[in-house]
1. With a ≥ b ≥ c the root eigenvalues of the C-alpha gyration tensor of the range 101-207, is it rounded (a/c under 1.5), prolate (a/b larger than b/c) or oblate?
2. Shape of the range 159-239 from its Cα gyration tensor (a ≥ b ≥ c, root eigenvalues): rounded if a/c is under 1.5, otherwise prolate when a/b > b/c, or oblate?
3. Please give the charge dipole size of the range 134-221, origin at the Cα centre, charges +1 on K and R Cβ atoms and -1 on D and E Cβ atoms. Round to the nearest 20 debye.
4. When the Kirkwood radius is taken over all Cα pairs of the chain, what Stokes-Einstein diffusion coefficient follows at 37 °C and 0.692 mPa s, in µm²/s?
5. Evaluate the distance, in nm, between pseudo-label points positioned 7 Å from the Cα of Arg15 and of Asp84 along their respective Cα→Cβ axes.
6. Out of all DSSP beta bridges with both ends in the range 145-260, state the antiparallel percent to the nearest 5.
7. Quickly estimate the mean residue ellipticity at 222 nm for the chain, helices only: each DSSP H run with n ≥ 4 gives -39500 (n - 2.57), and the total goes over all residues, rounded to 500.
8. Once each part is reduced to its C-alpha centroid, what is the distance from the range 126-167 to the range 46-94 in angstrom?
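Taken together, the values in this text are just the output of simple stated rules run on the coordinates, not laboratory data. Given the structure is predicted, the values throughout are model-derived calculations rather than measurements. Every residue, glycine among them, receives a Cβ derived from its backbone with ideal geometry; neighbour counts consider all protein chains shown.
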Amino acid sequence: MTLAAHQLQFGYGERLILDGLDVALPEGKVTILIGGNGCGKSTLLKNLARIYQPSGGEVRLNGEVVHQMDTKALARQLALLPQDPKAPESLTVSELVALGRFPHQGLGSRLSAEDEALIVKVLEQVGMGEFAQRRLGDLSGGQRQRAWIAMALAQDTPWILLDEPTTFLDIAHQLELLLLLQRLNREQGKSVVMVLHELNQAARFADHLVAMKAGAIVAEGTPQTVLTPALLKTVFNVEAQVVPDPVTGTPLCLCYGPAE
């Protein structure tokens, strides 16, 4: 089964960002959306997650139209980490992560022992176990980002959508996060969809790559088939070469300057 958009249309006022977009994201894979600033990557992600209401077309998850699904039922299937999430600064990290368990609880119910154990587990997974009782207002940008990622993981959904999840993270924590998401995919079968700007990270960690320009899908497939010098020139307007990474064997994009 897939998460798919059919003839999706969305815009701001009279300005269309997505106009008749069709895409089907494979289940059980790591899918990464790439493209220049303002190309519609985040807009597509928010439509897929039902944050936005499209003006035309539809999004289906396992055959169901997401905008017709019960909110809690959808939240048990799909978790979204937006680009700039907000929460009261006075919340502790543990309290924030506990919010991820809400879709699995009945009205007025309290956290179960299983909930508490999962919260501890995901905090350890993202390297935030020692900060469980720290307030959000006392965290660095990178620590706060990892706390939000833990909340998304605590939701324990088959699908995880993340909008630029490596923002604010240094290179070591970026790699830790991407390796964690890859491990969740490989070991638990999680379907991961994320927006990334760093092409070589996208090339290394994606099973399925979707390249966008001006609200349209330009190419999709494996990194090996999508990432070509011609694609980089079309999508990013750069002159580049693509060679195998000497360690991972994945495509390595060497960008030299703006295309003439």
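1. Here the range 101-207 falls in the oblate category.
2. Judged from the Cα gyration tensor, the range 159-239 comes out prolate (a/c at least 1.5, a/b above b/c).
3. For this selection, approximately 160 debye.
4. Result for D is 171 µm²/s.
5. Roughly 1.5 nm, to one decimal.
6. Beta bridges within the range 145-260, antiparallel portion: roughly 70 percent.
7. The helix contribution divided over the chain gives -9000 deg cm²/dmol.
8. Centre-to-centre distance over Cα atoms comes out at 17 Å.
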